[in-house]
Amino acid sequence: MRFSSLAMNTSSSCAASAAGRVAVITGANIGIGYFIALQLGMSGLFQHIILGCRDTNRGQAALARMQPHFPPFVQASYLSLTLGNHDSHVAFREQLETYLVQQHQGDKNNNSNSDEFLPQVDVLVNNAAMAFKGSDPTPFAQPVSYTHLTLPTNREV
């Protein structure tokens, strides 16, 4: 992919203002979620970009495609998140919290007391959903109530 029209912000003042800022994007391995995550990473406004995707291979592949376009101070990660699976939602939240605490403790420029640190997410893009594609009849094989799984995924993250 070519991103010649997109500008990467690499200024040192941008890196300083991005310190500790976190953006989480669900459904970030394809489509609008992918491009939102890409733009947030390239903006230089966040130190951490977290992709939440149900398919590990696709999530890691999306992350690998994005990272070369991010400023060097941006740290990006993939965490598994499955639509309609409460255990996956809880695991995602716990892994995200653990990741943020570890990043905070590893930050050599951080002078605050780690015991007082509370992990936070600055931007959450709730993009997890089901795709209804004309060539893929799979979603239509499920009962209509299957679409109710989208809302809990976005609400519980």
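For this structure, a couple of remarks:
- Taking packing as the residue-averaged number of other Cβ atoms within 10 angstrom, the listed peptides 17-25, 43-51, 97-105 run from highest to lowest as 43-51, 17-25, 97-105.
- Simple spin-label estimate for residue 97 and residue 35 gives 3.5 nm between the two label positions (7 Å along the Cα-to-Cβ direction from each Cα).
- Placing pseudo-labels 7 Å out from each Cα toward the beta carbon at residue 55 and residue 90 gives an inter-label distance of 2.8 nm.
No value in this document is a laboratory result; all are computed from the given coordinates. Here the structure is a predicted model, which is why all the values come from computation and not from measurement. Using ideal geometry, Cβ is built from the backbone for each residue, glycine included, and neighbour counts are taken over all protein chains shown.
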